[in-house]
Amino acid sequence: MNPLASFSLRRLRLLSGLVLFAYIGLHLLNHALGIFSLALAEAVLRIAIAFWHIPLVTVVLYGAAAVHFTLALRTLYTRREWNLPWIEILRLASGFSFPLLLIGHAVNTRLGDTLFGLRPSYSAVITNLQMAGAQGTQLALLAPGWLHGCLGLWITLRRFETMRRAKYVLVAFMLCVPSLAAIGFFRMAAELSARGAPSGRATALEQATLGAWKDDLTIAYICAVVAALVLGRMRALIANSA
């Protein structure tokens, strides 16, 4: 490949990854505000939703997701050698597992809002998770994406001496943010349990529609990943036998 084209792809991967990393990081920090109060977390969430729903910002966010996913599929298709260091394996595994968790959340929040006017809120999300016995789902949702982003930035920036010197500070930051988010999340859950808040569940028809969207998108994602991997292996075998 032309070195200039390769450089451009690396820059696209980095820039799109930074947008997604900012989105995930802000979500985790929003969770952490629940340490202080549910009301504060809800107020900041409304501001965040208004910001991400600005048309230009929405285009940038979803464009970054599309570019990053496309480049990830390209990696699966073009890579010939899979004898990778453990940090690369962990980065790839966390990156490809993240959308499996994200799809359901995106369907219930963004699509639920678009189709049925179901405004996302901590009260509704946490209460529904409690009723389903899946309180850890929201935290598990963002953990792979956060880990993938942290590892990706480290792999990109570790050649700099300043970053290597700050290694342990960065590790502490990587662990601290999701830990605070978990504390905030369970603090909000405790407040809601004490308050006896209503569930705010969608109707049966709305749940069925959103569930069908989730299943279809999940299948499409898995098929795309498997197809890129299989076609890449076939390409490598043909190239080696030529």
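The values are calculated or read from the model by the stated rules, or taken from the named source; none is laboratory data. The model shown is predicted, which means the values in this text are computed figures rather than measured ones. Note: ideal-geometry Cβ built from the backbone for every residue, glycine included; neighbour counts use all protein chains shown. Just so you know, the surface numbers come from the protein's heavy atoms only, side chains and all, with ligands and any DNA or RNA stripped out. Shrake-Rupley method; radii C 1.70, N 1.55, O 1.52, S 1.80 Å.
A compact table of results
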item	result
The chain: calculated mean residue ellipticity at 222 nm from DSSP helix runs of at least 4, using -39500 (n - 2.57)	-28500 deg cm²/dmol
Two-site FRET efficiency, Ile238 against Ala50, from Cβ-Cβ distance with R₀ of 51 Å, rounded to 0.05	0.50
Listed residues Ile89, Leu111, Val59: farthest to the positive end of the dipole of region 47-127 (Cβ charges)	Ile89
Relative packing of 174-182, 26-34, which averages over residues the other C-beta atoms within 10 Å, highest first	26-34, 174-182
Segments 215-225, 53-63, 39-49 sorted - mean Cβ within 10 Å per residue, highest first	39-49, 215-225, 53-63
Rounded to 10°, Cα long-axis angle of helix 137-157 versus longest principal axis of the chain	40
Heavy atoms of Thr70: accessible area, 1.4 Å probe, square angstrom to 10	80
The chain, relative contact order [Cα under 8 Å, separation at least 6], %	36
On Cα atoms only, tilt of 167-195 relative to the major axis of the chain in degrees	30
Low-density loop cleavage sites - trypsin sites (Lys or Arg not before Pro) in region 146-242, where at most 14 other Cβ are within 10 Å (DSSP)	Arg158, Arg159, Arg201
Karplus-derived HN-Hα couplings along region 57-71 (A = 6.51, B = -1.76, C = 1.60, θ = phi - 60°), whole Hz, x at Gly and Pro	5, 4, 4, 4, 5, 6, x, 4, 5, 5, 5, 5, 5, 4, 5
Distance from region 200-242 to region 1-73 (C-alpha centre basis), Å	22
